[in-house]
Amino acid sequence: MGKETSPCWNPKIEMMPKKDLESLQLKLLRSLVSRVYDSSSYYRQRMEASNLTPDDIHGLKDIIKLPFMTKKDLRDNYPDKFFLAPKRDIVRYHASSGTTGKATIVGYTRNDIDAWTESLARSLTSIGLGADDVIQVSNTYGLFTGGLGFHYAAERIGAAVIPASTGNTQRQIELIKDLGVTALAATPSYLMYLGEIAEKMGISIKNDTVLRTGLLGAEPWSEGMRDRIQNWLGVKGINCFGASELAGPLWSECSYQKGIHIWGDFAYFEVLDTKTHEPLGLGEKGELVITMLQKEAFPLIRYRIGDITSMDDEKCECGRTHPRMARITGRVDDMLIVRGINIFPSQVEYSLLTNPEVGNEFQIIVERKSALDSMMVKVELKPEAFTDSIAELNKVRERIEHKLRSTLNVSACVELVQPGTLPRFEGKAKRVVDNRKL
Ligand code: ADP
Ligand code: ZN
């Protein structure tokens, strides 16, 4: 499939000689650090605690002098203590799931939305998409960033956009067929599910539609899954990456599918040893740390996003010079991604413990029976809450399920178990059993 080099959205930047790109990154980093030092008490205090001023950043490598940021910092500064832009310059808010059920709010200025859109527009163009395409966006619209992120970028490159969002799969398949959809943005597992439902409807995605590109991300997936999607559905699976704290979906592979092009004028990626936090070499797998170089409302400097991957710095066959990120192969924390939604066991615990009947032990079991993931939570009851009345137990179970759904944004089946029946742990509790095979 299409190995020919596709047009470039912004050739001057995308094909920039490496040395020039690095000078540009240094310029942007220095101005970012000065800006946060001058106008944010949070950053200034942290830099002062490390005995740093903006003048200590002489080269890109000096970034390692700067302190890390974590999800906890974002949570502690809820809702907008981090924001650097005045309130009247904020034009949009999104929210991402937090680890205790409290969301992280991200604000955007006009320029932030523009940079986000430009970033993904470059990526979509690098896959060969453009004005002749019909792009169906089957990511969630709303507080999640997936839907609107792909929507704006697809519009910017002149494609026709179908804002399908999630759900109503039969209707989605009819739209794909009737409107000649050529590209679909979704989680890889949703595309597989859609393929199964289409077959039940007597429609072959491969033979009866012109859908040829899948813009796939938001959850881990493998080369094996890419092959299946390609062979079974005739859809070229393109790996896409982003996160709501950074903006939303921002980057993808180009048509050569050799790693995700990370636009260096927008972001600087480091890969560090998971234990020592020493920088690793190209191709070495470790913890990803991200600095967003141009964000106005919500800057992020050395943000420990939690993903494990490696970087490649060779010029791509397509001619683009920016660094490329390999597949994400794991997490440094215990975050689970179920149907594209991030879930922390601590969120599950937080929700469960709001029910007076719930004891101290629970276990999360994730399966992939058909294409879509399902999540079950086994919950121990307190001895005094345990009863022989099935009606009583059902009522408790339904209430727990309802609360979980509203905390996690994804439904989970709850199974109530007798006190003392779940495994106990002497060390770190292992509360997640993930039976999915990628
Ligand atoms: P998204 O809309 O991409 O799901 P979130 O902020 O909800 O944004 O989640 C971001 C996280 O999702 C990333 O840190 C990463 O763990 C995961 N993720 C996103 N894209 C991919 C991908 N292509 N492969 C593996 N994991 C991904
Ligand atoms: Zn490329």
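Before moving on, here are some points about what is shown:
- For the chain, the convex hull drawn through the C-alpha positions has a volume of 157 cubic angstrom per residue.
- Rh (Kirkwood; distinct C-alpha pairs) - the range 336-437, Å: 14.1 Å
- The ranking of 390, 13, 135 from fewest to most other beta carbons within 10 Å of each one's beta carbon is 390, 13, 135.
- For residue 369, the aspartates and glutamates whose Cα falls under 15 Å of its own Cα, not counting residues fewer than eight places away in the same chain, are 196, 434.
- Within the range 1-77, chymotrypsin sites (Phe, Trp or Tyr not before Pro) in DSSP loop having at most 16 other beta-carbon neighbours inside 10 Å: 68
- Loop-resident sites, the range 350-438, for chymotrypsin sites (Phe, Trp or Tyr not before Pro), counting at most 10 other Cβ within 10 Å (DSSP): 425
- For the chain, the relative contact order comes to 14 percent (Cα pairs under 8 Å, sequence separation of at least 6).
- The shape of the range 1-101 comes out oblate: with a ≥ b ≥ c from the C-alpha gyration tensor, a/c is at least 1.5 while a/b does not beat b/c.
- Reachable lysines, given that their alpha-carbon falls under 21 Å from the alpha-carbon of residue 61 and they are not under 8 places away in the same chain: 18, 19, 27, 275, 285, 295, 315
- Cut-off of 10 Å, at most 16 other beta carbons, DSSP loop: longest stretch of the chain lacking such GluC sites (Glu not before Pro): 5-283
- Within the straight-line cut-off of under 19 Å between alpha carbons, the lysines reachable from residue 382 are 395, 403, sequence neighbours fewer than 8 places apart in one chain being disregarded.
- Euclidean distance of C-alpha centroids, the range 152-191 and the range 212-255, integer Å: 14 Å
- One quarter of the surface of the convex hull around the alpha-carbon atoms of the range 266-385 equals 11.7 nm², the direction-averaged projected area.
- Cleavage-rule hits, trypsin sites (Lys or Arg not before Pro), the range 267-317, DSSP coil, Cβ neighbours within 10 Å at most 14: 275, 315
We did not get these values from a lab; they are worked out from the coordinates using the rules stated. As the structure is a computational prediction, the values presented were derived from the model and not from experiment. Positions of Cβ are generated from backbone atoms using ideal geometry, with glycine treated the same way; all protein chains shown enter the neighbour counts.
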